[in-house]
Amino acid sequence: MPFPPPSREPSGPRRRSLLLAAAGAALLTGCSPGPDVDGTGGGSPSAADRARARAARDSAELAERYAAVAAAHPALTERLAPLRAEVVRHAEAFGGTAARSAQPSPSASASAATAPAAVPADGKDALAMLATAEQELADRRSEALLRVPGELARLLASVAAAGAAHVHLLTEADS
């Protein structure tokens with residue numbers, strides 16, 4: 001037996017639906033970027049510029065760590081060279097620079113706070129140190145991509161994924 005038709009059909013959208021739609025429209029309007037995305041007035045770098053500079057700096061420092069491990073453990077140089085080269089390309093993609101040679105630069109003007117950590121004497125521990133640095137950086141970039149605009153977010157996501165792949169390559173059993 002079919003159900004009887006409702007006694008009263010709604011004649012249009014309900015008040016609650018209209019209020020929710022208006023609130024959603026207000027949120028979307030508030031999220032759209034204008035000419036001055038971060039409200040700095042153009043005098044200071046935007047959040048995206050700061051995130052890009054930090055990502056470039058982080059990649060350059062990671063490249064220095066790779067070079068330090070390769071210098072301390074020459075047997076690992078061949079294994080680390082392609083990973084380090086990719087990290088150098090990441091720094092360049094973010095607008096920074098990193099030394100292309102596999103040797104750490106003694107004349108680098110990095111402060112003690114940003115200097116690479118001491119390289120462990122054991123090769124496996126050195127690889128673990130690099131894997132940890134890669135993982136921390138990938139995690140930090142994954143979090144940062146939520147706060148930056150589209151193209152930079154895509155670049156951060158791509159580089160974070162590459163860092164996660166590096167972690168896997170650094171931690172897999174010797175091939």
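How much accessible surface area, in Å² rounded to 10, belongs to the heavy atoms of H168 with a 1.4 Å probe?
It works out to around 110 Å².
If you count, for each residue, the other Cβ atoms within 10 Å and average over each peptide, how do 62-70, 156-164 line up from highest to lowest?
62-70, 156-164
The values are calculated or read from the model by the stated rules, or taken from the named source; none is laboratory data. Everything quoted here is computed from the prediction, not taken from an experiment. Here Cβ is always computed from backbone atoms with ideal geometry, including for glycine, and neighbour counts include all displayed protein chains. Each accessible area value is taken on the protein alone, full model and side chains, heavy atoms only, with ligands, DNA and RNA left out. Shrake-Rupley method; radii C 1.70, N 1.55, O 1.52, S 1.80 Å.
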